[in-house]
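Asker: Attaching a single structure in structure tokens format; questions to follow.
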Amino acid sequence: METELILTLQRGLIWDERVVGDLFLGGVGVGAFLFAFLLWRFAEERYQPLAKVAAVIAPVSVSAGLGLLFWKLGNKLNVHQMMLNVSPTSVMWWGALIQGAFVTLSALFAFRLLFPHVRLPKVLSASVTGVLGVPFAVAVGIYHGLLLAVLTSHPLWASGPMIVTSVLLFTVTGVAASLLLYVVLRSFVRFDTGPSDTFAQGLKPVAWVLIAGAALLLITLFAWWVDLRFGSIPARLALQAMLAEYGIMLAVFGIGFGLVLPIVLGVLMLPRFGDGRTPSAALVGLACLLLLIGGFTIRYAAVIGGQLPTPLSVMATLS
Amino acid sequence: MAKKRYAMVIDLHRCVGCAACDIACKAENNVPVEFHWSNHIVETRGTFPNTTFRYIPTLCNHCENAPCVTNCPTTAMYKAENGMTLHDANKCIGCRLCQLACPYGVIFFNKETPHANYRDSQAAIPGATFSGREVAERAGAPLPYYNPARAATYPGVRPRGVVEKCTFCDHKVAVGEEPACVTACPADARLFGDLNDPESKPAQALARHRPRVLQRDKGTQPHVFYIREYGKA
Ligand code: SF4
Ligand code: SF4
């Protein structure tokens, strides 16, 4: 007979889909903000409607994510305790501060982009809120990776590639969400900032960012797998358990449909950006939608799969 | 006087695996049936007649380097001066980060109002037994075995939405007594005291026997030590 171990633990997921949603939407918001800022600062006038769409996504998406997290709290009425008590060793405590600042700055930035003629103090200008928002956006993106990476009792999370994945995910999903929403809106609303058929021509650098981001994500996921596959015994067991439960989902929706297919679509579309030609809006939208599905699946597999119970052989190790 | 550093030593050779500690803990701390502040790992190996059995009592390790404390965003989970890892239910937001951070699975979350079985009006055998609710009502307490002494330092019954865990019976230690699991152990397998006092029972035991801890590689520096081996001289 093999060794049999028994230990009665509390059953069920500790962090459920709401936390996945928080991390996903937080990533989308941060990426969208950075995209909006870059477009507003450096792109031509015809891209300003896209900048506005991305700028609005940022605070809305991060706030929605925070709403999901708030919904998840067991004792919501105590949430003010995070402000009353200083807990500098807690990543989540820092996260609350940083996200609070980010939502405020990104909301102000979006307001300035949408209503540039409203008179407000100079300190609330788009330049000031935008420049201040950038480091907070990056910090929120890193925070989302770090929140899981510091939990060393979960080998799937406590790895360098986890933080890199988080940063790449916010870049890719933020830009994809902005483009997708813009493509959808454009079919209902006329943006009068120049001929719309020439609009997509200038988006070649953005297409490159998405293709490169998705390719880097593939490499990072591979590095994550190598890190765990050849890591400690608990790491190997955690990887095994996650792949057994969520491997197919991760391979099909996270990697196949979510990263490889958009890369292929992007590469096929690349020659159509420029020379007076534009790729089909539907195809751009589809590639973005797939990237979002991929991003969500990766988050889901990491957060939910990372919580599969630690093998009892590990928990019973006395030394 | 040096600060106290409370710890527990569990002598696996003395332990008989009776789980009296688990029951005593439940009664002392009003722990819900489905929670296990005091718990145990049971290991069976081999094929009859060549089998071995191992029993490892577990509880919060009151780690020196406690990840549940460092990760708590509200300081609800905190290290007391005396080395105990304690929990302030009034500050807890129920984010469950401590549960994720603890490698030992010793923190429990009150998803629902605890002790549901004592609010249930359904009799176990209709017409023959009381329902849980009737038992609690007749006992005049939230649950028949309610111990009001627990409420001296921690809510007597922890509310819905917050976590809870072993406190080394800080309410008993505060009045010079030992934790309930230590008192209840019929084999004197549990030794509790101040590690900074070389005369204390745990300090003496650790000086005589090689101490071991659970999942040492996690770097948590547990304050629950195991000496000797279950079933071996
Ligand atoms: S055993 Fe778990 S709950 Fe107890 S102090 Fe260590 S990390 Fe915290
Ligand atoms: S559940 Fe409570 S004790 Fe645990 S980390 Fe959250 S606030 Fe702290």
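Asker: What is the angle, in °, between the Cα long axis of helix B:20-29 and the longest principal axis of the Cα atoms in chain B? Nearest 10 is fine, range 0 to 90.
Answerer: 50 degrees
Asker: Let me know the shape class of the range A:17-311, please: from the alpha-carbon gyration tensor, a ≥ b ≥ c as square roots of the eigenvalues, rounded when a/c is under 1.5, otherwise prolate if a/b is greater than b/c, or oblate. Mind showing how you got there, number by number?
Answerer: Working: a/c = 2.36, a/b = 1.24, b/c = 1.90.
The shape class here is oblate.
Asker: Of A:Ile163, A:Leu113, A:Leu77, which is farthest towards the positive pole of the range A:17-311's charge dipole, taken about the Cα centre with +1 and -1 on the beta-carbons of Lys, Arg and Asp, Glu respectively?
Answerer: Positive-end residue among those listed: A:Leu113.
Asker: Continuing with this model, one more query. Leaving ligands, DNA and RNA out of it, rank B:Val42, A:Val86, A:Val260 by accessible area with a 1.4 Å probe, largest first. Working shown, then result.
Answerer: Details: B:Val42 25, A:Val86 100, A:Val260 65 Å².
Descending order: A:Val86, A:Val260, B:Val42.
Asker: Can you give the calculated 222 nm mean residue ellipticity of chain B, where each DSSP H run of n ≥ 4 adds -39,500 (n - 2.57) and the sum is split over every residue, rounded to the nearest 500 deg cm²/dmol?
Answerer: On the way: 7 runs with 45 residues, N = 233.
For chain B, the value works out to -4500 deg cm²/dmol.
Asker: Let me ask you something else. Only four residue types carry charge here, +1 at the Cβ of Lys and Arg and -1 at the Cβ of Asp and Glu. Report the dipole size of the range B:6-227 about the Cα centre in Debye, rounded to the nearest 20.
Answerer: Values: 23 positive and 21 negative charges, 100 e Å.
Computed about the Cα centre, the dipole is about 480 debye.
Asker: Which value in nm describes the separation of the simple spin-label points at B:Asn147 and B:Arg45, placed 7 Å from the Cα toward the beta carbon?
Answerer: Simple spin-label model gives 3.5 nm for this pair.
Asker: Still on this structure, I have one more. Rounded to the nearest 20 debye, what is the charge dipole size of the protein assembly as shown about its Cα centre when +1 sits on each Lys and Arg Cβ and -1 on each Asp and Glu Cβ? Could you put the intermediate results ahead of the total?
Answerer: Details: 46 positive and 34 negative charges, 144 e Å.
For this selection, approximately 700 debye.
Asker: For the range A:17-311, give the percent of accessible area contributed by carbon and sulfur heavy atoms, probe 1.4 Å, rounded to a whole number. Before the final figure, lay out each step's value.
Answerer: On the way: 9440 of 12940 Å².
The computed percentage sits at 73.
Asker: How about the range B:123-191: which trypsin sites (Lys or Arg not before Pro) there lie in a loop by DSSP and see at most 16 other Cβ atoms within 10 Å? Mind showing how you got there, number by number?
Answerer: On the way: sites: B:Arg133, B:Arg138, B:Arg150, B:Arg160, B:Lys165, B:Lys172, B:Arg190; in loops: B:Arg160, B:Lys165.
Here the trypsin sites (Lys or Arg not before Pro) that fit, given the DSSP loop and packing criteria, are B:Arg160.
Asker: So which helices of chain A fit the span-like rule, where a helix is a whole DSSP H run, its Cα atoms reach 27 Å or more along the axis, and its mean Kyte-Doolittle is at least -0.5? Please list the in-between numbers first.
Answerer: Details: long enough: A:17-42 (37 Å, 1.33); A:48-72 (36 Å, 1.22); A:91-114 (33 Å, 1.55); A:126-149 (33 Å, 1.73); A:160-186 (39 Å, 1.81); A:204-229 (37 Å, 1.50); A:281-305 (35 Å, 2.04).
Qualifying helices, which must be both long enough and hydrophobic enough, are A:17-42, A:48-72, A:91-114, A:126-149, A:160-186, A:204-229, A:281-305.
Asker: Considering every residue in B:74-87, what mean count of other chain Cβ atoms within 10 Å of its Cβ is obtained? Let's see the in-between values first.
Answerer: Working: counts 15, 9, 5, 2, 2, 0, 0, 0, 0, 0, 0, 0, 0, 0.
The mean count of partner-chain Cβ atoms within 10 Å per residue comes to 2.
Asker: Give a quick list of trypsin sites (Lys or Arg not before Pro) in the range B:1-102 that DSSP marks as loop, anything other than H, G, I, E or B, with at most 14 other Cβ atoms within 10 Å. Before the final figure, lay out each step's value.
Answerer: Details: sites: B:Lys3, B:Lys4, B:Arg5, B:Arg14, B:Lys26, B:Arg45, B:Arg54, B:Lys79, B:Lys91, B:Arg96; in loops: B:Lys3, B:Lys4, B:Arg5, B:Arg14, B:Lys91, B:Arg96.
Listed in order of number, the matching sites are B:Lys3.
Asker: Name the residue from A:Leu259, B:Thr44, B:Thr113 whose Cα lies farthest towards the positive end of the charge dipole of the protein assembly as shown, charges +1 on Cβ of Lys and Arg and -1 on Cβ of Asp and Glu.
Answerer: A:Leu259
Asker: Counting pairs of alpha carbon atoms under 8 Å apart in space and at least six apart in sequence, what relative contact order in percent does chain A give? Write out the running numbers ahead of the final one.
Answerer: Details: 421 pairs, mean separation 73.9, N = 319.
The value is 23 percent.
Asker: Now a separate question. Using a 1.4 Å probe on the heavy atoms of the protein chains only, list every residue of the range B:28-57 that has 20 Å² or more less accessible area in the complete assembly than in its chain alone.
Answerer: Hits at the 20 Å² cut-off: B:His36, B:Asn39, B:Ile41, B:Val42, B:Glu43, B:Thr44, B:Arg45, B:Gly46, B:Thr47, B:Arg54.
Asker: Applying 1/(1 + (r/R0)^6) with R0 = 56 Å to the Cβ-Cβ distance of B:Thr113 and A:Phe188, what FRET efficiency is obtained, to the nearest 0.05? If you can, show how the numbers build up before the last one.
Answerer: Numbers: r = 48 Å, r/R0 = 0.86.
So, using R0 = 56 Å, E works out to roughly 0.70.
Asker: While we're here: Within chain A, which is the longest segment that contains none of the chymotrypsin sites (Phe, Trp or Tyr not before Pro) sitting in a DSSP loop with at most 11 other Cβ atoms within 10 Å? Write down the numbers at each step before the final one.
Answerer: Numbers: sites that count: A:Phe188, A:Phe230.
That gives A:1-187 as the longest site-free run.
Asker: Go ahead and set up a Gaussian network model of chain A, Cα springs under 10 Å, then flag whichever of A:Pro59, A:Pro161, A:Pro121 fluctuates most.
Answerer: A:Pro121
Asker: With a cut-off of 8 Å between alpha carbons and a minimum separation of six or more residues, what is the relative contact order of the range B:54-168 in percent?
Answerer: Relative contact order of the range B:54-168: 29 percent.
Asker: Still on this structure: Where in chain A is the longest stretch that carries no trypsin sites (Lys or Arg not before Pro) classed as loop by DSSP and with at most 16 other Cβ atoms within 10 Å? List each step's numbers first, then the result.
Answerer: Working: sites that count: A:Arg11, A:Arg119, A:Arg190.
Excluding the exposed sites themselves, the longest stretch runs over A:191-319.
Asker: In addition: How big is the charge dipole of chain A about its Cα centre, in debye rounded to the nearest 20, if each Lys and Arg gets +1 on its Cβ and each Asp and Glu gets -1 on its Cβ? Provide the component values of the computation, followed by the final result.
Answerer: Values: 18 positive and 12 negative charges, 162 e Å.
In debye, rounded to 20, chain A gives about 780.
Asker: Of all GluC sites (Glu not before Pro) in the range A:4-99, which ones are in loop regions per DSSP and have a Cβ with at most 14 other Cβ atoms within 10 Å? Don't jump to the answer; show the numbers that get you there.
Answerer: Details: sites: A:Glu4, A:Glu17, A:Glu44, A:Glu45; in loops: A:Glu44.
Filter output for the range A:4-99: A:Glu44.
Asker: What does the charge count near B:Ser131 come to, summing +1 for each Lys or Arg and -1 for each Asp or Glu among other residues with Cβ under 10 Å from its Cβ?
Answerer: Values: positive: B:Arg119, B:Arg133; negative: B:Asp120, B:Glu134, B:Glu137.
Counting the neighbours of B:Ser131, the net charge comes to -1.
Asker: Continuing with this model, one more query. Below 8 Å, C-alpha to C-alpha, sequence gap of six or more: please give me the relative contact order for chain B in percent.
Answerer: Rounded, it is 33 percent for chain B.
Asker: Rounded, prolate or oblate: which one fits the protein assembly as shown, using the alpha carbon gyration tensor with axes a ≥ b ≥ c (rounded when a/c is under 1.5, else prolate when a/b beats b/c, else oblate)?
Answerer: Numbers: a/c = 2.43, a/b = 2.02, b/c = 1.20.
Prolate.
Asker: Quick check: with the 1.4 Å probe, what order do A:Ser87, A:Ser125 take by accessible area, largest first? Spell out each step's value before the answer.
Answerer: Numbers: A:Ser87 5, A:Ser125 30 Å².
The residues order as A:Ser125, A:Ser87, largest area first.
Asker: Further question on the same structure: I'd like to check one number: the per residue accessible area of chain A, probe 1.4 Å, reported in Å² as a whole number.
Answerer: On the way: 14400 Å² over 319 residues.
It amounts to 45 Å² per residue over chain A.
Asker: If you don't mind, another one. Looking only at A:Val264, A:Val175, A:Val19, which one moves most when chain A is put into a Gaussian network model with springs between Cα atoms under 10 Å?
Answerer: A:Val264
Asker: Return the calculated 222 nm mean residue ellipticity for chain A, to the nearest 500 deg cm²/dmol, obtained by summing -39500 (n - 2.57) across DSSP H runs with n ≥ 4 and dividing by the residue count. It would help to have the intermediate numbers written out before the result.
Answerer: Numbers: 11 runs with 211 residues, N = 319.
That comes out to -22500 deg cm²/dmol.
Asker: Using only protein heavy atoms and a 1.4 Å probe, report how much of A:Thr317 is accessible, in Å² to the nearest 10.
Answerer: Its accessible surface works out to 60 Å², give or take rounding.
Asker: For the pair A and B, how large is the buried accessible area, both sides, in square angstrom to the nearest 100, if the probe is 1.4 Å?
Answerer: Buried: approximately 3900 Å² between B and A.
Asker: Which residue, B:Gly127, B:Gly156, B:Gly193, tops the fluctuation ranking in a GNM of chain B built on C-alpha contacts under 10 Å?
Answerer: Of B:Gly127, B:Gly156, B:Gly193, the most mobile in the Gaussian network model is B:Gly127.
Asker: While we're looking at this one, here's another question. Quantify, in whole percent, the carbon and sulfur part of the accessible surface of the range B:168-233 (1.4 Å probe; protein heavy atoms only).
Answerer: Values: 1570 of 3180 Å².
It is 49 percent, rounded to a whole number.
The values are calculated or read from the model by the stated rules, or taken from the named source; none is laboratory data. For clarity, every value in this text was computed on a predicted model and none was experimentally measured. Note that each Cβ is placed from the backbone with ideal geometry, even for glycine, and that neighbours are counted across all protein chains shown. What goes into the accessible areas is simple: the full protein's heavy atoms, side chains included, and nothing from ligands, DNA or RNA. Shrake-Rupley method; radii C 1.70, N 1.55, O 1.52, S 1.80 Å.
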